[in-house]
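A short reminder: the numbers here are calculations on the coordinates, not readings from a lab. Not measured: the values here are computed from a predicted model. All Cβ positions, even for glycine, are placed from backbone atoms using ideal geometry, and neighbour counts span all protein chains on display.
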Amino acid sequence: MTEERIASIMRPDFPAIAPNTPIRRAAALLVEARTAAAPVIDDDRLVGILTQKDCFRSALHASYYREWKGCVADHMTPEVVSVDAQDELIKVAEMFLSHPHRVFPVADGDRIVGLVHRSDVLTRLIRLG
């Protein structure tokens with residue numbers, strides 16, 4: 001079980017969002033993609049992560065003031081914890097225990113190649129017994 005790699009369970013299809021994307025559009029992208037977060041990419045470089053929680057704050061503000069304010073760069077989390085596509089399943093499971101995040105971007109070198117959700121790891125651990 002410990003030899004299984006994250007590459008085998010990651011989600012290779014994910015929205016990558018630019019920092020200048022309006023926050024309302026980015027929130028809609030997360031909902032449409034049914035993902036809890038998306039990497040923020042600028043010039044092929046990971047510069048942050050945008051979560052549903054980040055968007056939720058903006059949505060609440062919009063419901064009160066009747067306008068969505070700002071772009072992704074204003075709302076994203078710039079400190080990103082990512083995992084490597086070749087990381088072992090158990091290592092990433094332990095990372096989910098020690099971090100509050102529900103999603104990690106998956107890197108292959110300098111490229112983001114997927115996302116792994118906490119639920120993906122738990123599902124695999126259940127199947128492996």
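Note on the stretch 21-58: residues that are on the phi < 0 side of the Ramachandran plot, surrounded by fewer than 16 Cβ atoms within 10 Å (Cβ to Cβ) and either touching a helix residue (DSSP H, G or I) at 6+ places or on another chain (Cβ under 7 Å) or of a type in the set (Lys, Arg) (or both) amount to 4.
Of all the criteria given as (1) free of Cβ contacts under 8 Å to residues at least 60 places away in the same chain; (2) more than 18 Å from HIS101 (Cβ to Cβ), the one not satisfied by CYS55 is (2). Would you mind stating whether ARG102 is in contact (Cβ under 8 Å) with a residue 40 or more places away in the chain and out of contact with any Phe, Trp or Tyr (no Cβ under 9 Å at 6 or more places or on another chain)? Answer is no for this residue. Kindly indicate whether any position in the stretch 4-20 is closer than 21 Å to THR123 by Cα, touching a Phe, Trp or Tyr at 6+ places or on another chain (Cβ under 7 Å) and either among the β-branched types (Val, Ile, Thr) or surrounded by 14 or more Cβ atoms within 10 Å (Cβ to Cβ) (or both). Within the stretch 4-20, not a single residue is closer than 21 Å to THR123 by Cα, touching a Phe, Trp or Tyr at 6+ places or on another chain (Cβ under 7 Å) and either among the β-branched types (Val, Ile, Thr) or surrounded by 14 or more Cβ atoms within 10 Å (Cβ to Cβ) (or both). In the stretch 3-19, of all residues being outside any strand (DSSP E or B) and β-branched (Val, Ile, Thr), the one that is nearest to SER119 (Cα to Cα) corresponds to ILE9. The helices (runs of 4 or more DSSP H) found entirely in the stretch 21-119 that carry 3 or more residues being under 27 Å from ARG5 (Cα atoms) are 89-98. What's the total number of residues in the stretch 59-112 that are surrounded by 13 or more Cβ atoms within 10 Å (Cβ to Cβ) and of a type in the set (Phe, Trp, Tyr)? Residues in the stretch 59-112 being surrounded by 13 or more Cβ atoms within 10 Å (Cβ to Cβ) and of a type in the set (Phe, Trp, Tyr): 3 in total.
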